[in-house]
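Take a look at the structure set out below.
The values are calculated or read from the model by the stated rules, or taken from the named source; none is laboratory data. Values in this document were obtained by computation on a predicted structure and should not be read as measured data. Here the Cβ is made from the backbone with ideal geometry for all residues, glycine too, and neighbour counts use every protein chain on show. Side chains are part of the model used for accessible areas, which takes the heavy atoms of the whole protein and leaves out ligands, DNA and RNA. Shrake-Rupley method; radii C 1.70, N 1.55, O 1.52, S 1.80 Å.
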Amino acid sequence: MLMEKKHIWELTDAQEQAAIMDYAAGYRAFLDYGKTEARCVKKAVQLAEAQGFRAFQEGQSLKAGDRIYWNNRGKSLMLAVIGSEDITQGMHIVAAHIDSPRLDLKPVPLFEDDQLAFLKTHYYGGIKKYQWTCIPLSLYGTVVTKNGTVEVEIGTTEDDLALVVTDLLPHLADEQMQKKMHLAIEGEKLNVLIGNIPAGEGDKKVTEAVMKLFHEKYGIEEEDFVSSDLEVVPQFMSNDVGLDRSMIGGYGQDDRVCAYTSLTALFEVKQPKKTAVCLLADREEVGSMGNTGMRSHFFEDKAAELIAACKGDYNDLYLRRCFGNSACLSADVAAAYDPQYNHVYERRNTPFVNRGIALVKYTGARGKSGSSEASAEFTGYVRNLFNANGVVWQIGELGKVDGGGGGTVAQYLANLNIDVIDCGVALLSMHAPYEVAGKGDIYMGFKGYKAFLGE
Ligand code: MN
Ligand code: MN
């Protein structure tokens, strides 16, 4: 009669524990490559094509079992396996996001001060700024020059050079240490150190020398930064964490942990009844705004294409019926209970590391504001599905009532008249440059999404 919370290792046999450990290796490779949303799309497309997925061609017709994808501007992705049932009966969707908190370069980033050259940044997403100083950083992204587009990759491995945001030495930090944490490092001080050797004439000798290096390697001139998407991210690669290797530490696990598990779950789906869809969205960390975010019409447009391609004709009612009959797991990370900061959590309603994939019925802040909520019926359906498929799950919410809050893409799908519940891996140190996830939870995410997409 009573609900018991158990560790995944207390609920699984040796064979499944080996599968949990094996699965983690593929995930770590994805995480290490996918340091930006664009690189996640690139890798996801590569993996999907190896699994028989093809880019959708306008006007193409689709039948049960077909595997297709839409690449949205190289920054978000929608993949589908066509179901045997009429598509107006609804789709099963797993929606994750592939953007993570980071430092973006400003349009005019380069300057020098007393022979140290820096790149100015504007941080993206919710960060604790002090966490981004004094760690090795890499620069990735796209620059459009007058001669075409170039891909920039600087300081991408540990044996390469690194960029860094400096911080004050403790000896001289008396004043800084008295400040409130969020004011101790100002946004305008998140400047990335990029060079020191002077060359050339005038008062911008280091800037000029740095620009020369950019030009030699990439053909970039200073004005080209105006038309660029350049992202500064942690350089370090992922690790197993703990003597028992039970966890994974790494950058960008919010939400690439759910992206990878959703994607590989879809790969396992061969002949579903419902059309199975995996969405890898961009811009979640800044409110899902923009044409690659979940609030754009991209998903609706491609769902319409999907319907037309499956049915051979199209009208608006088909799309509305399809959405009305669809269900979605919003695959985003949850906040794992951290006993060191236990005062912000309400223990009974908080997910724990390696106790299963975490269901979150509602998010929001201050009285559930700004969030959708999964119904009793849909929550019951998902719970029973997971139980029937040996998926270890738990349920929780984001901290104590009035302790703060947050949201996911769930509400944007719910507003399309789709049943949605949040369902993802619980993280320690969420949004830090180095986040921690439990291997058991990661595997149960994969297993849960697979059960749902295979329906
Ligand atoms: Mn997230
Ligand atoms: Mn986040």
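Could you work out the pair-distance distribution P(r) of region 317-374 from its alpha-carbon pairs, with 5 angstrom bin width and percents rounded to whole numbers?
Over region 317-374, the share of Cα pairs per 5 Å bin runs 4, 14, 18, 20, 18, 10, 6, 4, 4, 1, 0 percent.
What are the residues whose amide H is under 5 Å from the amide H of Thr145, where those residues sit 5 or more places off or on another chain and H is modelled from the backbone?
It is Val150, by chain and number.
If amide H atoms are built 1.01 Å from N in the plane of the peptide, which residues on other chains or at least 5 residues away come under 5 Å of the amide H of Val241?
Under 5 Å from the amide H of Val241 lie the amide H atoms of Ser246, Met247, Ile248, Gly249, each far enough along the sequence or on another chain.
Expressed as a rounded percentage, what relative contact order does the chain have, with Cα pairs under 8 Å and six or more residues apart?
23 percent
Quick one: Karplus J couplings for region 230-239, per residue in order, coefficients 6.51, -1.76, 1.60, θ = phi - 60°, nearest Hz, x for Gly and Pro?
3J(HN,Hα) across region 230-239, in whole Hz: 10, 10, 9, 9, x, 7, 5, 8, 6, 9.
To the nearest 0.05, what FRET efficiency results for Asp13 and Ala50 with a Förster distance of 30 Å applied to their C-beta separation?
On the way: r = 30 Å, r/R0 = 1.01.
For R0 = 30 Å, the calculated efficiency reads 0.50.
For Lys146, go through the lysines and keep the ones whose alpha-carbon is under 18 Å away, minus same-chain ones fewer than eight residues off.
Hits, sequence-local ones excluded: Lys212, Lys217.
Net charge near Met444, counting Lys/Arg +1 and Asp/Glu -1 over other residues with Cβ under 11 Å of its Cβ?
+2
May I ask you to give the solvent-accessible area per residue for the chain, in square angstrom, as obtained with a 1.4 angstrom probe? Display every interim value, and only then the final one.
On the way: 20840 Å² over 455 residues.
Normalised by residue count, the accessible surface of the chain is 46 Å².
With r as the distance between the Cβ atoms of Arg383 and Asp22 and R0 = 41 Å, compute the FRET efficiency 1/(1 + (r/R0)^6) and round to 0.05.
Given R0 = 41 Å and the Cβ-Cβ separation, E is 0.90.
Which whole-number percent gives the relative contact order of region 95-230, counting Cα pairs below 8 Å spaced six or more residues apart?
Contact order relative to length: 33 percent.
If each DSSP helix of 4+ residues adds -39,500 (n - 2.57) and the sum is divided by the residues in the chain, what number results at 222 nm, nearest 500 deg cm²/dmol?
Counting only the DSSP helices, I get -8500 deg cm²/dmol.
For a test of the definition: using alpha carbon positions, the gyration tensor, and the 1.5 limit on a/c, classify region 81-225 as rounded, prolate or oblate.
It is oblate, given that a/c is not under 1.5 and a/b is not larger than b/c.
Report, for the chain, the % of DSSP beta bridges that are antiparallel, rounded to 5.
Numbers: 56 of 78 bridges.
Of all bridge pairs located within the chain, approximately 70 percent are antiparallel.
On a 0 to 90 degree scale, rounded to 10, what angle separates helix 439-453 from the longest Cα axis of the chain?
The answer is roughly 50 degrees.
Sort region 358-455 into rounded, prolate or oblate with this rule: let a ≥ b ≥ c be the square roots of the eigenvalues of the Cα gyration tensor; rounded if a/c is under 1.5, and if a/c is not under 1.5, prolate when a/b is larger than b/c, oblate otherwise.
Oblate is the answer for region 358-455, as a/c is 1.5 or above yet b/c matches or exceeds a/b.
Could you work out how far apart the two model spin labels at His171 and Ala64 are, taking each label as a point 7 Å from the Cα in the direction of the beta carbon, and quote it in nm?
For the pair His171/Ala64, the computed spacing is 7.5 nm.
Taking the Kirkwood radius as the inverse of the mean 1/r across Cα pairs, report the Rg/Rh of the chain.
Computed over Cα atoms, the ratio is 0.99.
Assuming R0 = 45 Å, what is the FRET efficiency of Lys6 and Leu116, from their Cβ-Cβ distance, to the nearest 0.05?
0.25
Between Lys212 and Leu183, how many nm apart are label points set 7 Å from Cα along the C-beta direction?
A separation of 4.4 nm, rounded to one decimal place.
May I ask for the angle, rounded to the nearest 10°, between helix 376-388 and the longest principal axis of the chain, with both axes built from Cα atoms and the value confined to 0 to 90°?
90 degrees
Any aspartates and glutamates with Cα under 16 Å of the Lys205 Cα? List them, leaving off those in the same chain fewer than 8 positions away.
Straight-distance partners of Lys205: Glu112, Asp113, Asp114, Glu221, Glu222.
Round to the nearest 10 and give me the degree value, 0 to 90, for the angle of helix 205-218's Cα axis relative to the longest principal axis of the chain.
40 degrees
Kindly flag which residue pairs out of Lys5/Lys450; Lys180/Lys361; Lys270/Lys368; Lys42/Lys270; Lys273/Lys361 have an alpha-carbon separation exceeding 29 Å in this structure.
Result: Lys180/Lys361; Lys270/Lys368 exceed 29 Å.
Give the separation of the Cα centroids, region 1-70 to region 345-379, in Å.
Value for the Cα centre distance between the two parts: 23 Å.
With θ set to phi - 60° and the Karplus curve 6.51 cos²θ - 1.76 cosθ + 1.60, what are the ³J(HN,Hα) couplings of region 117-131 in order, to the nearest whole Hz, using x for Gly and Pro?
9, 10, 10, 7, 10, 10, 5, 10, x, x, 10, 8, 4, 4, 5
Please list, by residue number, every one of the trypsin sites (Lys or Arg not before Pro) in region 345-375 that is coil in DSSP and has at most 14 other beta-carbon atoms within 10 Å.
In loop regions of region 345-375 (DSSP not H, G, I, E or B), the sparsely surrounded trypsin sites (Lys or Arg not before Pro) are Arg366.
So, with a 1.4 angstrom probe, what is the percent of accessible area on the chain that is carbon and sulfur?
On the chain, the fraction of accessible area on carbon and sulfur atoms equals 50 percent.
Taking Cα pairs under 8 Å and at least six residues apart, what relative contact order does region 411-455 come out at, in percent? If you can, show how the numbers build up before the last one.
Numbers: 23 pairs, mean separation 10.7, N = 45.
Normalised by residue count, the contact order of region 411-455 is 24 percent.
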